[in-house]
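Enquirer: The structure follows.
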Amino acid sequence: MTITDTDASPGAETPFPRAAEENLTRDEAASRSAHLTVDAYEVDVDLSGAAAEGASTYPVSTRILFRSASPGAETFLDYLGAAVEEVILNGARLDPADHVGSARIRLPELAAENVVEIRSSSRYSRSGEGLHRFVDPSDGQVYLYTQYEPADSRRVFPVFEQPDLKATFRFSLIGPQSWELRSNGAEVSRESVSGTAAGLDGEGLVRVSFAETRRMSSYITALLAGPYHRVDGSWAGGVEGESPIEVPLAVLCRASLAEHLDSEELLELTRSGLDFFHAEFAFTYPWGKYDQVFVPEYNLGAMENPGLVTFTEKYVFDTDATDAQRETRANTLMHEMAHMWFGDLVTMRWWDDLWLKESFADYMGSLAVDEATDWTTSWISFANGRKAWAYVQDQLPTTHPIVADITDLEAADQNFDGITYAKGASVLKQLAAFVGREAFREAARRYFVRHAFGNASLDDFLSVLGEVSGRDMTSWAAAWLQTAGVPELAASVDDAGRVVVEERGTDPATGGPISRPHVVEVGVHVLDETTGTLRRTGSERIALEGPRVLQELTLPAAGAPRLLLPNEEDLTYAKLSLDPESVAAVLTHPVEDPLARATVWAALWSMVRDGELPAARFLEAVMTLGLQIEEVVVVQALLRQSDRALEAFTPAEERERLQEQFAARLAEFIAECHGGDRQRAAARTLATISRRTPAQLDLLAALLDGEAASLGITGLALDEELRWAFLQALTTHGRVERNALDAELAGRTTARGRIAHRLALAARPRPAVKKEAFAQAISGRDDDGEELSNDHLTATVEGFRCGPAELVDAYEEDYFAAVVDVWERMSQGQATRVVAGLFPGTQDLTAGEKPQEHPTARRTADWLAAHQDAPAALRRLLIEEQDHLLRSLRAQQSARR
Ligand SMILES: [Zn+2]
């Protein structure tokens, strides 16, 4: 998948109670797969009542054929349903009283060959986990889709929920006859059934059966139902020398977004991707059709269900999108398509090897955008955006090797992180440089053939890599895949005037020096007096194992502005330690080469986070050089980082002035641009910064009133997204009241509008508002006691965090008192939104105070000390939040020196 938040009313039903046995362990999974072979599932899901107002559950019947190598032994199915009505194992009815309310269905006294049949009912989800049900506020239509990774198919049907118990699946759906009813396999039959669809004016019902799938894991099965809008297409092609195939394509979205679905671009990208991956992998696409669906209230970027890929509908651009957003969408599309092979065809045995699919998909996503589309900035986005995510995560105390130690499902759920994705992908980019692209490609091809429709682990991958490269990859894997932490690569000039490159830093596990094998290219960039830019004058590619003196690179005369860059082409994964001359040069002169430029900006941001470069100097450089950068993706990243620098890395006494300065510069820049993507990116950031500083509120208000032209601003589309962003900023300062927000929503009632409206309501700077928003976030329920959906919960949390610190910080004690209860009461996804989102992480360091003495840092430390036995996943969240806080306090401290 692709990645990218009081008290409960007494007696209120908890939607997904967290039973202890819900957290399946690796050992339990291993012992289950040691004696079980699962052959086939047949699952019938009845959605005839899905459109009824307030629908809460639906009937499911499940039939599973499986074998046991230990007849007489017992096992269990995973199921988080509402009720189990009947379980029949090998013809004998089991006592259902054992199962209700539990996360498991016990199956005693197995035979060698078994059939189990279960009739049960499952719950519609509001959290995006399981079968999510959404009512479109634009037209009242009901939409459903499933999302399962890592382990939520058990919310829909009883299942052996672990990736190495693969089976074939035959799904059928009962639903309204006018709806799209889809699953992984193509529709094979459709018949009328008696009765009418609830809530749809007597509409008839159909039962649609889908083709049996190839053997696959349960977490990538999928169902879809609702009046989705659909556009069809097709692709023909295949592997050279084999019979060509034809793949039916479809893209779908909610009916109310249909006019914004740019299906031609999406289908064209899909065809380019299928061409690319067939040439690259030489293994014919095995999953039949290829549907891509954009779904509401989605928790992630996308999910690689074979034949039915789901995406966030933020990728249906109903407001002005930048080219960088379109590129990101293309990247996600390619990432998911790579998973059809990496992950779906060959799957990790257990979640320790999640990287085996996510690192590859992430790397392949960027590679495919670079090589199979017209975008030329794929590796620039990767260097500047994706890798920044990895560097942040890899410096947290909770970091872990790419190959992780995942003992249970809660840990698995948290490992969809910057290490598994972005660091893994960076290391694979380095691997391709290390063994060569051809060897890398050949290894992937052999891996697919050898493990098709099965499972694999690190050793399986290393053995094909060893075969094709003729090298023992064990020490490479130990250094890169089994060691945590960010390498630090330094280039400097020694006393003899020669360039020296070395890796610095310590191994977090041993505390000793660390040296990983790198293939890197070191470059020299010198100021070109005519263009005023730093232009590359020479570079040298080397294999680095220990410090290395470069002979071929020549430097300009002392004093001439120059950059010494130890990671040209962004080949390796490392923080860069630029020498002082280089830092001085890049803060005052633009770097000409786009990829080198993105790499340098990533290094500068890293220095701000480490307290080595004051935020004020970084902001100055963004205002003068950064905004002028041609690649919008880099500008967007710099704007996000600037916002963060102002919020967290700037000492309190400087913040107001710097915020005003930066906001003023953005306002000026918006006027200078006369349209375009950079103007839009600047307007979005100005709205965010204006939640904290009132300096440009008059401008935002005037723009909302349609006075752009009189302010000299042209080309800026004041669409739904920007209008709400501006309104939220104004509301935070008390300049907009509820009636204006209600009127805005009434004028255009959409899903986005509803979320934005909720955020704005919670942002009003009044004690009573904050009290209610906090209570809603902690309970996960709105003021009518209705469960908040994932998106509405996040909006409530974010709205609460807006506004005067004295109002928000008053809830710190209540927050720490509530987190355990939140964790136990909510699903992990929902609890994470609340625990991470409400953490009081933006704080000022008073003069003379040490970061760890800050009251919030202390309180967090006390909580961690007092809750050693809290769930590890919850502790991990708080340890990470505390580390973010301490890092920002340290940067504030060093900026004062
Ligand atoms: Zn993925």
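Let's see how each residue does on (1) among the hydrophobic types (A, V, I, L, M, F, W, C); (2) over 28 Å from residue 618 (Cβ atoms); (3) surrounded by 19 or more Cβ atoms within 10 Å (Cβ to Cβ):
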position	(1), (2), (3)
816	yes, yes, yes
843	no, no, yes
859	no, yes, no
868	no, yes, no
889	yes, no, yes
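Enquirer: In a loop (DSSP other than H, G, I, E, B), in contact with a Ser or Thr (Cβ under 9 Å, 6 or more places away or on another chain) and of a type outside the set (D, E, K, R) - does that describe any residue in the range 226-234?
Expert: Looking through the range 226-234, at least one residue is in a loop (DSSP other than H, G, I, E, B), in contact with a Ser or Thr (Cβ under 9 Å, 6 or more places away or on another chain) and of a type outside the set (D, E, K, R).
Enquirer: Can you tell me which of 347, 377, 312 is among the β-branched types (Val, Ile, Thr) and away from the ligand (no atom under 16 Å from the Cβ)?
Expert: Testing whether each residue is among the β-branched types (Val, Ile, Thr) and away from the ligand (no atom under 16 Å from the Cβ) leaves just 377.
Enquirer: Right, another one. So residue 318 ticks every box in (1) closer than 30 Å to residue 126 by Cα; (2) more than 16 Å from the ligand (Cβ to nearest atom); (3) at pLDDT below 95; (4) in contact with a Gly (Cβ under 9 Å, 6 or more places away or on another chain) but one. Which box is left unticked?
Expert: Looking at each condition in turn, residue 318 falls short on (4).
Enquirer: All but one of (1) in a helix (DSSP H, G or I); (2) within 23 Å of residue 677 (Cβ to Cβ); (3) of a type in the set (A, V, I, L, M) hold for residue 713; state the number of the condition that does not hold.
Expert: (1)
Enquirer: If you don't mind, there's one more thing I want to ask. Please go through the range 183-204 and give me each residue that is out of contact with any Phe, Trp or Tyr (no Cβ under 8 Å at 6 or more places or on another chain) and part of a strand (DSSP E or B), ordered by number.
Expert: 189, 190, 191, 192, 193, 194, 195, 196, 204, listed by residue number.
Enquirer: On the given criteria, is residue 116 touching a strand residue (DSSP E or B) at 6+ places or on another chain (Cβ under 6 Å), within 25 Å of residue 85 (Cβ to Cβ), among the hydrophobic types (A, V, I, L, M, F, W, C) and surrounded by fewer than 24 Cβ atoms within 10 Å (Cβ to Cβ)?
Expert: yes
Enquirer: In the set 758, 738, 825, which member is touching a Lys or Arg at 6+ places or on another chain (Cβ under 9 Å) and modelled with pLDDT of 95 or more? Quick ask: steps written out before the conclusion?
Expert: Numbers: 758 fails: touching a Lys or Arg at 6+ places or on another chain (Cβ under 9 Å); 825 fails: modelled with pLDDT of 95 or more.
The match here is 738.
Enquirer: In this structure, does residue 881 turn out to be surrounded by fewer than 17 Cβ atoms within 10 Å (Cβ to Cβ) and either part of a loop (DSSP other than H, G, I, E, B) or among the charged types (D, E, K, R) (or both)?
Expert: Here the answer is no, as residue 881 does not meet what is asked.
Enquirer: Can you find even one residue in the range 445-459 that is at pLDDT below 95 and either within 30 Å of residue 629 (Cα to Cα) or acidic (Asp, Glu) (or both)?
Expert: Yes, the range 445-459 has at least one match.
Enquirer: Now, a different point. What are the pairs, 6+ residues apart or on separate chains, where a residue within the range 254-277 that is closer than 21 Å to residue 296 by Cα and surrounded by fewer than 16 Cβ atoms within 10 Å (Cβ to Cβ) has its Cβ under 8 Å from a residue that is of a type outside the set (Lys, Arg) and at pLDDT below 95?
Expert: From the range 254-277, the pairs are 260/318.
Enquirer: Moving on to the next point. I need the full set of residues from the range 296-307 which are within 15 Å of the ligand (Cβ to nearest atom) and not aromatic (Phe, Trp, Tyr), in order please.
Expert: Listed by number, the residues that qualify are 299, 300, 301, 302, 303, 304, 305, 306.
Enquirer: Would you call residue 145 surrounded by 16 or more Cβ atoms within 10 Å (Cβ to Cβ), under 23 Å from the mean Cα position of the chain (by Cα) and of a type in the set (Ser, Thr, Tyr)?
Expert: Details: surrounded by 16 or more Cβ atoms within 10 Å (Cβ to Cβ): yes; under 23 Å from the mean Cα position of the chain (by Cα): yes; of a type in the set (Ser, Thr, Tyr): yes.
For residue 145, the condition - surrounded by 16 or more Cβ atoms within 10 Å (Cβ to Cβ), under 23 Å from the mean Cα position of the chain (by Cα) and of a type in the set (Ser, Thr, Tyr) - is met.
Enquirer: Here's something else I'd like to know. If residue 332 satisfies all but one of (1) away from the ligand (no atom under 11 Å from the Cβ); (2) hydroxyl-bearing (Ser, Thr, Tyr); (3) surrounded by 22 or more Cβ atoms within 10 Å (Cβ to Cβ), what's the number of the condition it fails?
Expert: All conditions are met except number (1).
Enquirer: Show the residue pairs meeting these rules: Cβ distance below 6 Å; 6+ apart or different chains; first residue within the range 324-352 and acidic (Asp, Glu); second residue part of a helix (DSSP H, G or I).
Expert: Note: pairs meeting the criteria are 344/220.
Enquirer: Something else about it: Is there a residue being farther than 30 Å from residue 167 by Cα and within 14 Å of the ligand (Cβ to nearest atom) anywhere in the range 391-402?
Expert: Taking every residue of the range 391-402 in turn, none turns out to be farther than 30 Å from residue 167 by Cα and within 14 Å of the ligand (Cβ to nearest atom).
Enquirer: List every residue pair whose Cβ atoms lie under 8 Å apart, where the two residues are 6 or more positions apart in sequence or sit on different chains, the first residue falls within the range 662-675 and is farther than 19 Å from residue 650 by Cβ, and the second residue, located anywhere, is polar (S, T, N, Q).
Expert: Pairs found: 667/696; 669/679; 670/679; 673/679; 674/714; 675/714.
Enquirer: Also, I was wondering about something else. Can you report the number of residues in the range 466-514 which are buried (at least 18 other Cβ atoms within 10 Å of the Cβ), over 30 Å from residue 564 (Cβ atoms) and touching a Lys or Arg at 6+ places or on another chain (Cβ under 8 Å)?
Expert: Selection size over the range 466-514: 1.
Enquirer: Being within 13 Å of the ligand (Cβ to nearest atom) and either in contact with a Pro (Cβ under 9 Å, 6 or more places away or on another chain) or part of a strand (DSSP E or B) (or both) is the requirement here; does residue 293 meet it?
Expert: no
Enquirer: Given the residues 329, 254, 271, which is the only one that is in contact with a Leu (Cβ under 8 Å, 6 or more places away or on another chain) and of a type outside the set (Asp, Glu)?
Expert: 271
Enquirer: If you don't mind, there's one more thing I want to ask. Is it the case, given these coordinates, that residue 380 is in contact with an Asp or Glu (Cβ under 9 Å, 6 or more places away or on another chain), within 16 Å of residue 2 (Cα to Cα) and either surrounded by fewer than 21 Cβ atoms within 10 Å (Cβ to Cβ) or of a type in the set (A, V, I, L, M) (or both)?
Expert: Spelling it out, it is not the case that residue 380 is in contact with an Asp or Glu (Cβ under 9 Å, 6 or more places away or on another chain), within 16 Å of residue 2 (Cα to Cα) and either surrounded by fewer than 21 Cβ atoms within 10 Å (Cβ to Cβ) or of a type in the set (A, V, I, L, M) (or both).
Enquirer: So residue 323 ticks every box in (1) within 16 Å of the ligand (Cβ to nearest atom); (2) charged (D, E, K, R); (3) within 26 Å of residue 722 (Cα to Cα) but one. Which box is left unticked?
Expert: (1)
Enquirer: With the condition kept exactly as written, say whether any residue in the range 240-253 is within 16 Å of the ligand (Cβ to nearest atom) and at negative phi.
Expert: no
Enquirer: Taking into account only those residues within the range 407-438 that are assigned to a loop (DSSP other than H, G, I, E, B) and within 16 Å of the ligand (Cβ to nearest atom), which is surrounded by the fewest Cβ atoms within 10 Å (Cβ to Cβ)? Please lay out each step first, then the result.
Expert: Residues of the range 407-438 assigned to a loop (DSSP other than H, G, I, E, B): 407, 415-418, 436.
From the residues that got through so far, the ones that are within 16 Å of the ligand (Cβ to nearest atom) too are 415-418.
Working: 415: 21, 416: 18, 417: 23, 418: 20.
The residue in question is 416.
Enquirer: Out of the range 350-374, which residues are more than 16 Å from the ligand (Cβ to nearest atom) and part of a helix (DSSP H, G or I)? Can you show your working first?
Expert: Keep residues of the range 350-374 that are more than 16 Å from the ligand (Cβ to nearest atom), which gives 350, 352, 370-374.
Result: 352, 370, 371, 372.
Enquirer: Do we find that residue 761 is outside any helix (DSSP H, G or I), surrounded by fewer than 22 Cβ atoms within 10 Å (Cβ to Cβ) and of a type in the set (A, V, I, L, M) in this structure?
Expert: Spelling it out, it is not the case that residue 761 is outside any helix (DSSP H, G or I), surrounded by fewer than 22 Cβ atoms within 10 Å (Cβ to Cβ) and of a type in the set (A, V, I, L, M).
Enquirer: Here is a follow-up. In the range 789-812, which residues are polar (S, T, N, Q) and buried (at least 23 other Cβ atoms within 10 Å of the Cβ)?
Expert: Those that are polar (S, T, N, Q) and buried (at least 23 other Cβ atoms within 10 Å of the Cβ): 789, 796.
The values are calculated or read from the model by the stated rules, or taken from the named source; none is laboratory data. As the structure is a computational prediction, the values presented were derived from the model and not from experiment. All Cβ positions, even for glycine, are placed from backbone atoms using ideal geometry, and neighbour counts span all protein chains on display.
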